[in-house]
Amino acid sequence: MTTSFTLHGIPVSRGIAIGRAHLLAPAALDVQHYLIGEDQVEAEVSRLQCALAAVRTELQTIWNDLPKDAPAELGAFIDVHALILSDPMIADMPLDIIRTRYYNAEWALVTQIEELSAQFEEIEDAYLRERKADIQQVGERVLKQLTGSANLLPKNVDGDAPHMIVVSHDISPADMLQFRDRSFSGFITDVGGQNSHTAIVARSLDIPATVGVSFASTLIDQGDWIIIDGDAGVVVVDPAPIVLDQYREKQARQLRDRKKLGKLKKMPSVTIDGTPVTLLANIEFPDDCVHALEGGAHGIGLFRSEFLFMGRTAPATRLPSEEEQFQSYKQAVIAMKGRPVTIRTLDIGSDKPIDEDEQTSLNPALGLRAIRYCLAEPQMFMTQLRAILRASAFGPIKLLIPMLSHAFEIDQTMAMIEQAKAQLRAEKIKFDAAIPIGAMIEIPAAALALPMFIKRLDFLSLGTNDLIQYTLAIDRVDHEVAHLYNPLHPAVLYLLSTTIAMAAKAEVPISVCGEMAGDTRMTRLLLGMGLREFSMHPAQLLAVKNEILNSDLTMLEPATRKIVRTFEPKAIAEAVERLQVL
Ligand code: PEP
Ligand code: MG
């Protein structure tokens, strides 16, 4: 009999998920992993058998081709690999995993190799322990065969898949992209922070997730029943039937509430006192526009273009070409049917490296990130600017620049945009010559030197995720300091309120596109500060609209003025609580 236990972590994506645990070993994240249907099991088994046979032939060929004077160890080495390959642990066990867990071949193989490697790790005899490397090398050979062979199987077919909960030590944003078109119903990771990009992608997939659940991947076993309460950050492992019933009821209630919110889609987004508020969506890919429209978005407030650049492995396709980018931007602007699409130029670096193996900086969040990276790689930046400009001929596009802090960075960026325009003009390619250009305000220096930005730019967008990270000097990805990540810190409120007020006074449009904009507990506070444009992941649009429809600015504004003059955290928290019932 198993015992139920509860784990606590950081809630990052709301809702209740109930399902069986699927543990992902780190290596498994490097290969495709998906569930196959029962009727596809034998085809997948034979795919793996073919790969095993091909490696057998490969080893035989290497053996035959060994020069006569080759050292004897070489032959012995190949023999060991051939023996490993025919051992039931490699030749049969992964086939069983395909048959019993419905994993695709690559995933089944990597799972088995990981399990074997872990067993070898524990062997005391140093010589035998070394054999772990041989097993991994044989595994890699088979994987190469598998990935080289065409996989004709559809990827998202199993009826049980919606009840699968991924448990992993960590999942990078690029890994997370693999889950976009698969049916996983929740995520749990040992590490990670509330506003890491992995958490942001989980939210945009609208899948309950809890991160920073220390040792989850060690304590949870494959196939355990799991409940994730994504609102509370609670994970219940092997719940008692009565607990399961309670959570099922809560899940059904949440679904009913969401359905009710659906009725707000067509209602104009105005406060009780009649002030209109613009609701925009954050997206990672052009396909996400569907969700933005479902949530009644007035446009796209943040297209995180870097996701088009991430998770690409083959060197030839390492960076998307101008044409590929142009097609993606054009797709988004056409999908939004005349509503504005704000495309943010590449915000690469920090927890979103283009190539995960290339991370070198000790403090990547303070390093060559976003616009700094783009200005250091002018050719790549020019390709992106040209693609965005070309797409602007097909509908309203706004150009948003991340991580600016210096005047010369703004000026250099503007010069590059002008250069891109001149090139297109010379080539007689159409674009919107008056494309609005805006800056993310996400470094405290930018908020504190706002007139420098107001003077040079058409609009501003507050990136609260980074603004909080840099103001409080806490890594947004590090769960060990996650408790210090506080949007209500007086310093944060000071920067937000002064930035919003200054932009309003100068009549420069300003939005918030960080996660605060989609947090219903912050809606009234931001409205009270004067914010009239919110950009968030599409799943939150209607919940935030609900708050707006029930807000009265004549009450919120004076109450908020008092809050931003308060410097005692407890008093701030209580006053923000009171805003919710004003
Ligand atoms: C932000 O920093 O608030 C933001 C919206 O950008 P990102 O989360 O992509 O860094
Ligand atoms: Mg940011």
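The values are calculated or read from the model by the stated rules, or taken from the named source; none is laboratory data. Since this is a predicted model, take the numbers as computed values, not measurements. Cβ placement follows ideal geometry from the backbone for every residue including glycine, while neighbour counts extend to all protein chains displayed. Surface accessibility is based on the protein's heavy atoms, side chains included, excluding ligands, DNA and RNA. Shrake-Rupley method; radii C 1.70, N 1.55, O 1.52, S 1.80 Å.
Could you count how many residues in the range 282-292 are among the aliphatic types (A, V, I, L, M) and open to solvent by less than 40 Å² (accessible area, probe 1.4 Å)? Let's see the steps before the verdict.
Pass one, the range 282-292, residues among the aliphatic types (A, V, I, L, M): 283, 290, 292.
Next, only the ones that are open to solvent by less than 40 Å² (accessible area, probe 1.4 Å) stay: 283, 292.
So the count comes out to 2.
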**OP:** Could you give me the residue pairs with C-beta distances under 7 Å whose first residue belongs to the range 571-582 and is farther than 17 Å from residue 546 by Cα, whose second residue is open to solvent by less than 80 Å² (accessible area, probe 1.4 Å) and polar (S, T, N, Q) wherever it lies, and which are 6+ apart or on separate chains?
**Re:** 572/566; 575/566
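Tell me the residue from 390, 339 that is more than 16 Å from ligand 2 (Cβ to nearest atom), touching a His at 6+ places or on another chain (Cβ under 9 Å) and touching a residue at least 24 places away in the same chain (Cβ under 8 Å), please. It would help to see each step written out before you state the result.
Values: 390 fails: touching a His at 6+ places or on another chain (Cβ under 9 Å).
Answer to the check: 339.
With the structure loaded, tell me whether residue 477 is closer than 29 Å to residue 458 by Cα and either of a type outside the set (S, T, N, Q) or open to solvent by 10 Å² or more (accessible area, probe 1.4 Å) (or both) or whether it fails that test. Working first, answer last.
Details: closer than 29 Å to residue 458 by Cα: no; either of a type outside the set (S, T, N, Q) or open to solvent by 10 Å² or more (accessible area, probe 1.4 Å) (or both): yes.
Against the criterion (closer than 29 Å to residue 458 by Cα and either of a type outside the set (S, T, N, Q) or open to solvent by 10 Å² or more (accessible area, probe 1.4 Å) (or both)), residue 477 does not qualify.
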Original post:
If residue 485 passes every condition in (1) more than 24 Å from residue 336 (Cβ to Cβ); (2) hydroxyl-bearing (Ser, Thr, Tyr); (3) surrounded by 23 or more Cβ atoms within 10 Å (Cβ to Cβ); (4) under 22 Å from the mean Cα position of the chain (by Cα) but one, which one does it miss?
Top reply: (3)
**OP:** Working only within the range 90-114, note down all residues that are farther than 19 Å from residue 56 by Cβ, without any contact (Cβ under 8 Å) to a residue 60 or more places away in the chain and of a type in the set (A, V, I, L, M, F, W, C).
**Re:** 97
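Which fully enclosed strands (runs of 3 or more DSSP E) of the range 172-272 have 3 or more residues being of a type in the set (Asp, Glu), away from ligand 1 (no atom under 16 Å from the Cβ) and in contact (Cβ under 8 Å) with a residue 24 or more places away in the chain? Spell out the reasoning first.
On the way: elements: 186-189, 209-211, 225-229, 234-237.
Result: empty, no element qualifies.
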Subject >> strands (runs of 3 or more DSSP E) wholly inside the range 390-479 containing at least 2 residues that are farther than 20 Å from residue 325 by Cβ and not charged (D, E, K, R) >> reply: 437-441, 459-462
**OP:** Output the residue which, of all residues in the range 442-473 that are open to solvent by less than 10 Å² (accessible area, probe 1.4 Å) and of a type in the set (Val, Ile, Thr), is nearest to ligand 1 (Cβ to nearest atom).
**Re:** 464
Subject >> Residues satisfying the stated conditions in the range 446-479, i.e. farther than 16 Å from residue 193 by Cα and within 14 Å of ligand 2 (Cβ to nearest atom) >> reply: 446, 447, 460, 461, 462, 463, 471
Subject >> Every residue from the range 250-281 that is surrounded by 14 or more Cβ atoms within 10 Å (Cβ to Cβ), in contact with a strand residue (DSSP E or B) (Cβ under 9 Å, 6 or more places away or on another chain) and more than 17 Å from residue 16 (Cβ to Cβ) >> reply: 269, 270, 277, 278, 279, 280, 281
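Which of the residues belonging to the range 93-124 are of a type outside the set (A, V, I, L, M, F, W, C) and open to solvent by 50 Å² or more (accessible area, probe 1.4 Å)? Outline the logic, then answer.
Filtering the range 93-124 down to residues of a type outside the set (A, V, I, L, M, F, W, C) leaves 94, 96, 99-104, 106, 111-112, 114-115, 117, 119, 121-122, 124.
Of everything in the range 93-124, those that are of a type outside the set (A, V, I, L, M, F, W, C) and open to solvent by 50 Å² or more (accessible area, probe 1.4 Å) turn out to be 96, 99, 100, 101, 102, 114, 115, 119, 121, 122, 124.
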**OP:** Name, by its number, the condition in (1) modelled with pLDDT under 95; (2) more than 16 Å from ligand 1 (Cβ to nearest atom) that does not hold for residue 388.
**Re:** (1)
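So which of 450, 462, 472, 484 is under 28 Å from residue 201 (Cβ atoms) and in contact (Cβ under 8 Å) with a residue 40 or more places away in the chain?
On the way: 450 fails: under 28 Å from residue 201 (Cβ atoms); 472 fails: in contact (Cβ under 8 Å) with a residue 40 or more places away in the chain; 484 fails: in contact (Cβ under 8 Å) with a residue 40 or more places away in the chain.
Matching residue, one of 450, 462, 472, 484: 462.
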